[in-house]
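Okay, structure first, notes after.
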Amino acid sequence: MLKGHKVMLFSVSAMLLMSVVTAGCSSSSKQGSETSTSSTSVDAGKKELAPYQIDWYIIGPGPQPDGELVEAEINKITQPKINATVKMHIIPFADYDAKMTALLATGEKVDLMFTSNGNMNYNTLVGKGGLVDITDKLDQLAPDAKKLLSDGFLQASTIKGRNYTMAAIKEKGAWLGFLANKPMIEKYKIDINQINSLEDMEPALKTIKDNEPGAIPLLAIGASRIPNYVNRNLWNVSPVQSIVLKKDASGYTLELDEPEYMKTLKTLNKFYQAGYISKDAPVMKATNADRAKSGFIFGQLKPYVDVQVSNAYGAPFTYHNFGKPITTTNDLVGSMMGIPTNSKDVDRVLMFYNMMYTDKQLINLVGRGIEGKHYVKVGENRIEYAPATEAGKKSGYNPAETWAYGNQFLTYLMPGEPDDIWDQFKKFNSDSEIMPDLGFNFDSNALKTEVGAIKNVENEFRPILETGSVDPEVTVPKFKEKLKAAGIDKVLEEMNKQYAEWKAANKK
């Protein structure tokens, strides 16, 4: 950091003046500016900003060897504008919740962190008082982000009319379906378009197991959520994984009481016993190398997901979806950043994160690394991995997580991604089926103890059930018994009460 470097915060009037000036000399689009100019830039004004380090915790593949080099380049952008440096902490997916829970509990300085409907659930964090209410700060400190997120994202994450998070701008929904290892299905002439259920997949899994030593026919790890991916009516879960919206949208019910859930668990158990699923699946921490040798992987899909995962895994994949895309509250809150109450400078963090929605150079540094070292440009908006990285496999910086933060529509296109990919995303968003409870957020503040206990029970049972490693006929009754002991009936009652009030208030 430059000693004696001083940066001043704009007054509101100065910010407005700068926005007028820059509007006349730079192009912009609905999704954000193509330049690195941000309305939170600071040059002169009333309030001096002291030096500050922003500790940013991101879910991903883990620390990157060239992480400090990338941070140095990021800081060349952030320090002159807001006198802040950025330290990125990329935590492995499998370790993220435990690591972040420990950090927040011990009071460690965490300025910005990934949160979602799944990992470090934002409802739970808000209920525990763990995230800062940023509602009244957005207009002044993150106006660009607010403008872009007002197209549904902010509304979906609102809790009792207040905002605690900012979502990544990307697809607004998802196809439910699976990825398929392209060389394997071509080699054995497997028609994935004929696979429209978990049971339909069995012949293909057997073929792979019998003929591909070392392959993983079906990658199912931890709480795989496969029952949700293969049963459309189970997809719209509440903030509590074990509670889902009823088919008629009249209220919520226990997932364990839905026949489709038990049916899928039985099929998974059959597949596990047949050797189609890894024996250590409940505790397995899958790497991209594991994914590359898998035959099938269930998940949320979007346009050109095959290109993106093929680049990430270093192996060609294709995909098949089950019907039209779905947009739920969960889909709009699946990738967000929140500011923990452990932060020492909320305003500065907001100023920085606003830049992630407008500054193309910044977001591509975070997502793609350093030009010439990690990638080379082959067009105005298109890149390829740098030759020495061997298609990214030996890159010192390849987190492959641009879906997690900021404005994804500003990221450079990777090999195979078409020039019109963002137009395709807009069409995908418009075609998506909107779920009837979109925008409903359960306030669990009065039920912190019960929600925490339920989460612990889910962590005990879902990994073994949803990988098929136990007999569901024996294990599900035990799961349900422990959920009830943890207070799930009380939570369900309160959720349905709030949902009824929400429906009445919104004339649903």
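Our coupling estimate for segment 444-460, obtained by passing each phi through the Karplus curve with A = 6.51, B = -1.76, C = 1.60 and θ = phi - 60°, is 9, 4, 7, 10, 4, 5, 5, 5, x, 5, 5, 4, 5, 5, 4, 5, 7 Hz, Gly and Pro reported as x.
Any chance you could run the full-extension gain for E493 through N193? It's 0.36 nm times the residue separation minus the Cα-Cα distance, nm to one decimal. If you can, show how the numbers build up before the last one.
Values: separation 300, 0.36 × 300 = 108.00 nm, distance 4.10 nm.
Extra length available between E493 and N193 comes to 103.9 nm.
Rounded to the nearest angstrom and ordered from largest down, what semi-axes does the equivalent ellipsoid of the chain get from its C-alpha gyration tensor (root of 5λ)? Show your work: numbers first, answer last.
On the way: eigenvalues 286, 163, 85 Å².
The three semi-axes for the chain are 38, 29, 21 Å.
Each of the peptides 307-320, 194-207 was scored by the mean count of other Cβ atoms within 10 Å over its residues; in descending order, highest first, they stand as 307-320, 194-207. Once the C-beta distance of Q155 and K128 is scaled by a Förster radius of 22 Å, the resulting FRET efficiency is 0.45 to the nearest 0.05.
Here the spin labels are modelled as points 7 Å beyond Cα on the Cα-Cβ line, and at D471 and E390 they lie 4.7 nm apart.
Summing -39500 (n - 2.57) over the DSSP H runs of n ≥ 4 in the chain and dividing by its residue number, what mean residue ellipticity at 222 nm do you reach, to the nearest 500 deg cm²/dmol?
Working: 20 runs with 196 residues, N = 508.
Calculated mean residue ellipticity at 222 nm is -11000 deg cm²/dmol.
Residues whose amide H falls under 5 Å from that of I434, counting only those 5 or more places apart or on a different chain, are T327, with hydrogens built in the peptide plane.
Based on the mean of other beta carbon atoms within 10 Å per residue, what is the order of 360-366, 165-171, most packed first?
On the way: 360-366: 21.6, 165-171: 24.6.
My ranking of the peptides, most packed first, is 165-171, 360-366.
Which net charge results when you count Lys and Arg as +1 and Asp and Glu as -1 among the other residues whose beta-carbon is under 14 Å from that of G334? Result for the local shell: +1.
Report the full-extension gain for the segment N381 to K99: residue separation times 0.36 nm, less the Cα-Cα distance, to one decimal in nm. If you can, show how the numbers build up before the last one.
Details: separation 282, 0.36 × 282 = 101.52 nm, distance 3.58 nm.
Going from the current span to full extension adds 97.9 nm.
Dipole magnitude for segment 399-439: about 100 debye, using +1 per Lys or Arg Cβ and -1 per Asp or Glu Cβ, origin at the Cα centre.
Working note: Karplus 6.51/-1.76/1.60 with θ = phi - 60° gives segment 304-312 the couplings 6, 4, 5, 5, 5, 6, 4, 5, 6 Hz, where Gly and Pro are set to x. Put a dot 7 Å past the Cα of N456, heading toward its Cβ, do the same for T341, and the two dots end up 2.1 nm apart. In order along segment 157-170, the phi-based Karplus estimate (6.51 cos²θ - 1.76 cosθ + 1.60, θ = phi - 60°) of 3J(HN,Hα) comes to 8, 5, 10, 6, x, 10, 10, 10, 9, 10, 7, 6, 7, 7 Hz; Gly and Pro are listed as x.
For segment 158-311, the C-alpha radius of gyration divided by 2.2 N^0.38 Å, with N the number of residues, is 1.15. Note on Q361 and D280: with the Förster distance fixed at 60 Å, the Cβ-Cβ geometry gives a FRET efficiency of about 0.90. Modelled this way, with points 7 Å down the Cα-to-C-beta line, the labels at T253 and E433 are 1.7 nm from one another.
Please give the length that would be gained between K182 and W502 if that part of the chain were fully extended, namely 0.36 nm times their separation in residues minus their C-alpha to C-alpha distance (nm, one decimal). Full extension from K182 to W502 adds 110.7 nm.
Each value in this text was obtained by applying a stated rule to the coordinates, not by laboratory testing. Quantities reported herein were computed from a predicted structural model and do not represent experimental measurements. Don't worry about glycine lacking a Cβ; one is built from the backbone with ideal geometry, like all the others, and counts go over all protein chains shown.
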